[in-house]
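S.K.: Here you go, one structure.
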Amino acid sequence: MENKLTIYNTLSRKKEIFKPINPPYVGMYVCGPTVYGDAHLGHARPAITFDLLFRYLQHTGYKVRYVRNITDVGHLENDADEGEDKVAKKARLEKLEPMEVVQYYLNRYHKAMEALNVLPPSIEPHASGHIIEQIEYIKKILDAGYAYESNGSVYFDVEKYNKDYHYGKLSGRNIDELLNTTRELDGQQEKRNSFDFALWKKASPEHIMRWPSPWSDGFPGWHLECSAMGTKYLGEEFDIHGGGMDLLFPHHECEIAQSVAAQGKETVHYWMHNNMITINGQKMGKSLGNFITLEQFFTGNHPLLSQAYSPMTIRFFILQAHYRSTVDFSNEALQASEKALQRLLDGWENLNKIIPAENSSIEVPNLKSRCYEAINDDLSSPIVISHLFEGVRIINTVSTGNATLNSKDLNKLKDTFKIFMFDILGIKSEKSNIDSSSTEAYKQAINVLLDVRKDAKAKKDWATSDFIRNKLTEIGFEIKDTKDGFEWKLNK
């Protein structure tokens, strides 16, 4: 392709032309969910953002190995290695095995992702299934001298690492700042510094998730799983690591330190971070208790929701903003997305109804090349969407009989919509595919009513014509008179 994909690299703080290490192969790792509760709108954003990237890389001919991990152990309630394991706590409260909790919420996560038309990753490794790899990774860091054992736990020595390398290069933090701002935490006396992070934690007697290791019966630190599994499935160096901006520090910062300590070089070439979904200006998250689950969006069952919103409305809402900008939740914004998405889908339907003319009486700009230009500019999905709406305006002008298009221009528009709306943006029609005899009978019944109305209009029987139209409108039908007769649809 003539146009080159540029992506914003959080590490260099600038847009860079994407050059894979070993084309046509691309290795991409994205931080997945910690499965102890239902997925919420904040989880949908990275899933959709990196689904967009996955789809586009595949569209341009790359062979992508996409790894998205499942955190099912080691993620404690506090990032400073304090508190209970999130999964284990849920299991204790509900009197279940931890892996029952994991499987239940993972099934629900997959169902939500499928509804959002998020493609499954190539590999979805679990932290609990890679304990051996994590133990071996810790040994490498210990051998290199950047970790220490303390009372059966193993901690990463941030201060020692920082003397040889730069801890904080991704987030812009520095050791002095951390020393001045990090308070002493209860139960952290076994660390040399409060900002050192756990590679392995000795399990307390009541801790139910534990594995044998050279240091103690325990469990791995949260940051370790991504370093170990990324290396296992994508190699010591790979192209892209993605995740939400909330993971930039400490999680991704610690990943960089671990990989450099273990192998003497950085693993990731391009770090990508999507911005946050906010609610009243505050990050939406489980820890803050201000989240709305995806299922609640789909059903409308939440006090902050004025209605239910379909999975495609949620997907479109997220894609309407650039992935690096914040998106503030509101019913008004979602309702606007719902209407905009319907205009796009109606445009596609109308496009397929247009009969080509001999000549085009309206100029069709090269929307396809402009869409490629936008998507190549750091995945600018809002600009792609604006170009598609430009196409809808042309389609509507032709549909109402105010212009004509020849077959060449029609095919250009169809090709652009198919590639960008469906293949790359991942939008799909949510109309039922069931075309049963009862559905067909219902369609014919509406058509019969509208034929009666058409005859009434021809006889200037306005009372009958208006009565039929008003009654159908009352129950949710939208009637549109055309030069060839009429069109109708049932609004939600």
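S.K.: Taking H placed 1.01 Å from N in the peptide plane, check which residues at least 5 places from ILE279 or on another chain put their amide H under 5 Å from its amide H.
M.R.: Answer set, sorted by chain and number: MET284, PHE329.
S.K.: Got a sec to turn the phi values of the range 301-308 into Karplus ³J(HN,Hα) couplings, 6.51 cos²θ - 1.76 cosθ + 1.60 with θ = phi - 60°, whole Hz, x for Gly and Pro?
M.R.: 8, 7, x, 7, 9, 8, 6, 7
S.K.: Further, regarding this structure: Nearest 20 debye, what's the magnitude of the dipole of the range 97-150 about its Cα centre given +1 on Lys and Arg Cβ and -1 on Asp and Glu Cβ?
M.R.: About 180 debye.
S.K.: When you take every Cα atom in the chain, what is the radius of gyration, and what is Dmax, the widest Cα pair distance, in Å?
M.R.: 27.2, 94
S.K.: Report the accessible area of SER216, computed with a 1.4 Å probe over the heavy atoms of all protein chains in place, in Å² rounded to the nearest 10.
M.R.: Answer for SER216: close to 20 Å² accessible.
S.K.: Counting only protein heavy atoms and a 1.4 Å probe, tell me what percentage of the range 215-272's accessible area is made up of carbon and sulfur.
M.R.: 48
S.K.: Considering only protein heavy atoms and a probe of 1.4 Å, how much of the accessible area of the range 35-162 is carbon and sulfur, as a whole percent?
M.R.: 47
S.K.: Per residue, how much accessible surface does the chain expose to a 1.4 Å probe? Answer in Å², no decimals.
M.R.: Numbers: 22900 Å² over 492 residues.
Normalised by residue count, the accessible surface of the chain is 47 Å².
S.K.: While we're looking at this one, here's another question. Suppose each label sits 7 Å from its Cα in the direction of the beta carbon; what would the GLU159-HIS302 distance come out to in nanometres?
M.R.: In this crude spin-label approximation the distance works out to 4.4 nm.
S.K.: How would you order 17-23, 41-47 from highest to lowest mean count of nearby Cβ atoms within 10 Å?
M.R.: 41-47, 17-23
S.K.: Which whole number of Å³ per residue matches the convex hull of the alpha-carbon atoms in the range 378-492?
M.R.: Details: hull volume 17.4 nm³, N = 115.
Residue-normalised Cα hull volume stands at 151 Å³.
S.K.: Taking all protein chains as present, what is the carbon and sulfur share of the accessible area of the range 370-492, in % to the nearest whole number, probe 1.4 Å?
M.R.: Carbon-and-sulfur percentage of accessible area, whole number: 53.
S.K.: Is the shape of the range 256-357 rounded, prolate or oblate, going by the alpha carbon gyration tensor and its root eigenvalues a ≥ b ≥ c, with a/c under 1.5 for rounded and a/b larger than b/c for prolate?
M.R.: On the way: a/c = 3.23, a/b = 1.47, b/c = 2.20.
It is oblate, given that a/c is not under 1.5 and a/b is not larger than b/c.
S.K.: With everything on Cα atoms, drop me the angle between helix 381-399 and the longest principal axis of the chain, reported from 0 to 90° to the nearest 10.
M.R.: 10
S.K.: Per 0.36 nm of contour for each residue apart, how much would the distance between LYS428 and HIS59 grow if the chain were fully extended, relative to their Cα-Cα spacing?
M.R.: So the chain would gain 131.1 nm between LYS428 and HIS59.
S.K.: For helix 367-376, report the angle its Cα long axis makes with the longest principal axis of the Cα atoms of the chain; keep it between 0 and 90° and round to the nearest 10°.
M.R.: Relative to the chain, helix 367-376 is tipped by roughly 10 degrees.
S.K.: Mean residue ellipticity at 222 nm from the helices of the chain, using -39,500 (n - 2.57) per DSSP H segment of n ≥ 4 over the full residue count, to the nearest 500 deg cm²/dmol?
M.R.: -13500 deg cm²/dmol, from helical runs alone.
S.K.: Can I ask one more? About the Cα centre of the chain, what is the dipole size in debye to 20, counting +1 per Lys and Arg Cβ and -1 per Asp and Glu Cβ, all else neutral?
M.R.: That gives the chain a dipole magnitude of about 1540 debye.
S.K.: Which lysines have a Cα lying under 18 Å from the Cα of LYS4, excluding residues fewer than 8 positions away in the same chain?
M.R.: Qualifying lysines at Cα under 18 Å: LYS14, LYS15, LYS19, LYS63, LYS368.
S.K.: While we're on this one: Heads up, I need the accessible area for SER361: 1.4 angstrom probe, whole protein in place, Å², nearest 10.
M.R.: 80
S.K.: While we're here: For the range 143-149, take each phi angle, set θ = phi - 60°, evaluate the Karplus expression 6.51 cos²θ - 1.76 cosθ + 1.60, and give the result in whole Hz per residue in order, putting x for glycine and proline.
M.R.: 4, 7, x, 10, 8, 9, 8
S.K.: Placing +1 at every Lys and Arg Cβ and -1 at every Asp and Glu Cβ, with all other atoms neutral, what dipole size does the range 1-110 have around its Cα centre, in debye to the nearest 20?
M.R.: Computed about the Cα centre, the dipole is about 720 debye.
S.K.: Need the list of lysines near LYS139 for cross-linking: C-alpha distance under 22 angstrom, and skip anything on the same chain fewer than eight residues off.
M.R.: Within the straight-line limit of under 22 Å, LYS139 reaches these lysines: LYS160, LYS163, LYS191, LYS201, LYS202, LYS232, LYS265.
S.K.: Okay, next question. Rounded to the nearest 5, what % of DSSP beta bridges with both residues in the range 235-320 are antiparallel? Mind showing how you got there, number by number?
M.R.: Numbers: 2 of 8 bridges.
Bridges in the range 235-320 that DSSP calls antiparallel: roughly 25 percent.
S.K.: Based on the Cβ-Cβ distance of LYS460 and LYS489, what FRET efficiency does E = 1/(1 + (r/R0)^6) give at R0 = 25 Å, to the nearest 0.05?
M.R.: Taking R0 as 25 Å, the efficiency between LYS460 and LYS489 is 0.40.
S.K.: Mind checking the full-extension length gain between GLU295 and LYS339? Use 0.36 nm per residue of separation minus the Cα-Cα distance, one decimal, nm.
M.R.: 13.8 nm
S.K.: Could you tell me which of rounded, prolate or oblate describes the range 187-303, using a ≥ b ≥ c as the square roots of the eigenvalues of the alpha-carbon gyration tensor, with rounded for a/c under 1.5 and, failing that, prolate when a/b is larger than b/c and oblate otherwise? Mind dumping the intermediate values first?
M.R.: Working: a/c = 2.04, a/b = 1.34, b/c = 1.52.
Verdict is oblate for the range 187-303.
S.K.: Same structure again: For LYS139 and GLU236, FRET efficiency with R0 = 22 Å and r from the beta-carbon atoms, rounded to 0.05?
M.R.: Computed FRET efficiency for GLU236 and LYS139: 0.85.
S.K.: For the range 47-181, rounded, prolate or oblate, judged on the Cα gyration tensor with a ≥ b ≥ c (square roots of eigenvalues), a/c < 1.5 rounded, else prolate if a/b > b/c?
M.R.: oblate
S.K.: Something else now. Residue-wise, which Karplus ³J(HN,Hα) couplings in Hz belong to the range 14-24, taking 6.51 cos²θ - 1.76 cosθ + 1.60, θ = phi - 60°, and x for glycine or proline?
M.R.: Once rounded to whole Hz, the list reads 7, 6, 10, 5, 6, 10, x, 5, 9, x, x.
S.K.: Now for a different question. Within the chain, what percent of beta bridges assigned by DSSP are antiparallel, to the nearest 5?
M.R.: Of those bridges, close to 55 percent are antiparallel.
S.K.: Take the alpha carbon atoms of the range 30-69, find their radius of gyration, then divide it by 2.2 N^0.38 Å using N residues; give the quotient.
M.R.: Numbers: Rg = 11.8 Å, N = 40, 2.2 N^0.38 = 8.9 Å.
The reported ratio for this selection is 1.33.
S.K.: Also, I was wondering about something else. Check which residues have an amide H placed less than 5 Å from GLU16's amide H, if you skip close sequence neighbours.
M.R.: Correct list: ILE7, TYR8, ASN9.
S.K.: Against the longest principal axis of the chain, how steep is helix 253-263, in degrees 0 to 90 to the nearest 10, with axes from Cα atoms?
M.R.: Taking the Cα atoms of the chain, the angle to 253-263 is about 60 degrees.
S.K.: Given a Förster radius of 30 Å and the C-beta distance between PHE389 and LYS4 as r, what FRET efficiency does 1/(1 + (r/R0)^6) yield to the nearest 0.05?
M.R.: That pair, PHE389 with LYS4, gives E of 0.70.
S.K.: So what is the relative contact order of the chain, in percent, for Cα pairs below 8 Å that sit 6 or more residues apart?
M.R.: About 16 percent, as a whole number.
The values are calculated or read from the model by the stated rules, or taken from the named source; none is laboratory data. Here the structure is a predicted model, which means the values were calculated and not measured. Virtual Cβ from ideal backbone geometry, glycine too; neighbours counted across all protein chains shown. Accessible surface areas use protein heavy atoms only, side chains included; no ligands, DNA or RNA. Shrake-Rupley method; radii C 1.70, N 1.55, O 1.52, S 1.80 Å.
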